[in-house]
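Laboratory data are not the source of any read-out in this text; all were calculated from the coordinates shown. All of these numbers come straight from a predicted model, not from anything done at the bench. Heads up, the Cβs are rebuilt from the backbone with ideal geometry, glycines too, and the neighbour counts pull from every protein chain shown.
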Amino acid sequence: MQRKGDLYMKNELSSVRKKRKRNYNINKNINKRNTEVNIKKSVVMIMGIVIFVNCILTLIVDLQRNQSIHSRFIAIEFKLEEFREIDIANNKIQYIKEKAKDKNVDFIELLTFNMIYHHYHIDKNAHIITNLKPYNKYLKNKKFKEIYQYYQCVFSDLSYFPIPINKKNKIYVNFDDSWKNSRTYGGKRFHEGTDIMSDNNVRGYFPVLSISQGIVEKKGWLEQGGYRLGIRAKNGAYFYYAHLYSYAPELKIGDTIMPGQLLGFMGDTGYSKVEGTVGNFDVHLHVGIYFDYKDQEVSVNPYWILRYLSSYKLSYYY
């Protein structure tokens, strides 16, 4: 028979155990919460350090960029041969155009600034400076304004790719960067344009459209260019279309041409003094773009411009 004292002692021990267990659980929960709080504090601290380091790195990069910009623009130099390359990835032309529109700033000014900053070569990964307010003093520089006029001449009147898409079938055209490739007809020289090649090699098949608005300045036969057209755009660029199979009806010198207007049809005329000669090369359209530099007409590489204009194609059934 269990005595009252033993029972009392047993109850006391049980109560003590429960109390200890309860205290243990409380301490465990407190420790858990403290651990969680410490972890959160550590995470916040680490994030703060990361943000601080990023701010410092960004500041350093900005300072270096500003120093680089200052060094580039303190004595602006126009490099004709680099300019003629028009070496700017087509996605960057579009990007600069969109940023200029978003910020309501001058597209040509933004383009000129970045081309000078990047030594006239902008690849697809290049950083584009879109805020020119800190650099207004450079935009007033006489040399900057001169270079601006050259880019304005070349880029301001671009509207459409010169070959429309055929809605009937998938036969189309292709082109590569053939700027300064060797040419031998008429003497050793380099190629001053881009050849847009016909996939079917059929003369008279592909319509040729005007890239820009302008005035017909030249028309007729050239020994090298065959049947060609020269159109002077509003801002001074001269667009040269060569090796045409035929001209659009009633087209004549002095006519005002609208962007996308039919000029003629792609062919293979040229490389002969005899007018109408065909067959000396594959059917293609030679596109040349020229600007006035010190009273001389100087060619630029149309390749990246045509790549950019590939996003602006008209479509017809033909």
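See the values below:
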read-out: Residues whose placed amide H lies under 5 Å from that of residue 206, excluding near-sequence neighbours; value: 266
read-out: 3J(HN,Hα) from dihedral phi, region 258-271, Karplus parametrisation 6.51/-1.76/1.60, rounded to Hz, x for glycine, proline; value: 9, x, x, 6, 5, 9, x, 10, 5, x, 9, 7, x, 6
read-out: Karplus 3J(HN,Hα) series, Hz, for region 237-250 with 6.51 cos²θ - 1.76 cosθ + 1.60 (x for Gly, Pro); value: 5, 10, 9, 10, 10, 10, 6, 5, 6, 7, 9, 5, x, 6
read-out: Nearest-0.05 FRET efficiency for residue 273 and residue 79, computed from C-beta distance (R0 35 Å); value: 0.40
read-out: DSSP bridge orientation in the chain - percent antiparallel, rounded to nearest 5; value: 90
read-out: Calculated log₁₀ intensity ratio I(q)/I(0) where the Debye formula runs over C-alpha points of region 80-155, q = 0.15, 0.23 Å⁻¹; value: -0.46, -1.15
read-out: For the chain, calculated [θ]222 nm from helices alone, where every DSSP H run of n ≥ 4 adds -39500 (n - 2.57); value: -13500 deg cm²/dmol
read-out: Inter-probe distance in nm under a simple model that places probes 7 Å from Cα toward Cβ, at residue 234 and residue 140; value: 2.9
read-out: Residue 193 long-range amide H proximity, modeled H, under 5 Å; value: 180
read-out: FRET efficiency, 1/(1 + (r/R0)^6) with R0 45 Å, evaluated for residue 38 and residue 91 via beta carbons; value: 0.40
read-out: Phi to ³J(HN,Hα) by Karplus 6.51 cos²θ - 1.76 cosθ + 1.60 over region 205-210, Hz, x for Gly, Pro; value: 7, 8, x, 10, 10, 6
read-out: Residues whose placed amide H lies under 5 Å from that of residue 257, excluding near-sequence neighbours; value: 214, 215, 216
read-out: Tilt relative to the chain, helix 107-117 - C-alpha long axis, 0 to 90 degrees, to 10; value: 80
read-out: For the chain, Kirkwood radius (reciprocal of mean inverse C-alpha pair distance, Å); value: 24.4
